[in-house]
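Structure first, commentary second.
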Amino acid sequence: MTGRPCINPSLVRQYLFCPAAAYYIIAGLAEPPTERMRRGREVQREAVEAAARALGAEDVRYSVELRGAGFCGVVDAVLTINGRPAPLEVKTSPRPRRVPTPHKAQVAAYMLAAQAQYGRAVQRGYVYYAESGDVVEIRLTRDLRDLVLHVAGRIRQIYAGYTPQPAVHPSKCPGCWYRKWCADISRAIDII
């Protein structure tokens, strides 16, 4: 591949869930749309409107393609709050007790892309959990930014030919669509 690949923020989320899942997606073996994914697209506009009202957004743009800082992808919405862009990602699930790091990292990657695209500081983004109606603010801290940039570097290594090992999640692996290929991943030593 020539040049630096543009990393989709959803791939950052997948990598943090399991590096092997990101590998399979890059290899062209992405999971086909599930009923939950289809339902998510159906409730997306309504969910964005609910979140925008709750946050007092001055403007809402739906399904916005963001490109910048090495990231590119379509975020569910970009809200304008206090004159600043704020990416919003909708999840169909109820709000978990703690916002998962992969969700935070996905929104942070969109924030970095939005910052580059709009040429304005993006200090916060949001996750809306549609099932419970909760909106969670994600602040772009230095640690979160560093995590996202580190993961983007690891994903670029996959594009360059690196094969990561699957992350073993005893509670998640049994229901994972990609598990059928995990035994086929080479057991190369991770030297990074």
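Nothing in this text is a laboratory measurement; each read-out follows from the coordinates by a stated rule. None of these values were measured; they are calculated from a predicted model. Here Cβ is always computed from backbone atoms with ideal geometry, including for glycine, and neighbour counts include all displayed protein chains.
Annotations for the structure displayed:
- Pair Y62, R41: separation of 7 Å Cα→Cβ label points (nm): 1.4 nm
- Only Cα sites of the chain enter the Debye sum here, all with the same form factor; the resulting log10 I(q)/I(0) across q = 0.10, 0.11, 0.20 1/Å is -0.41, -0.50, -1.48, listed in q order.
- For a modelled paramagnetic label at K172, 7 Å from Cα along Cα-to-Cβ, the residues of the stretch 121-153 in reach, with backbone nitrogen under 16 Å, are 148, 151-152.
- Net lengthening on full extension, T34/A50 (0.36 nm per residue, minus Cα-Cα): 3.4 nm
- Nearest-20 debye value, the chain charge dipole, Cβ charges on Lys, Arg, Asp, Glu: 320 debye
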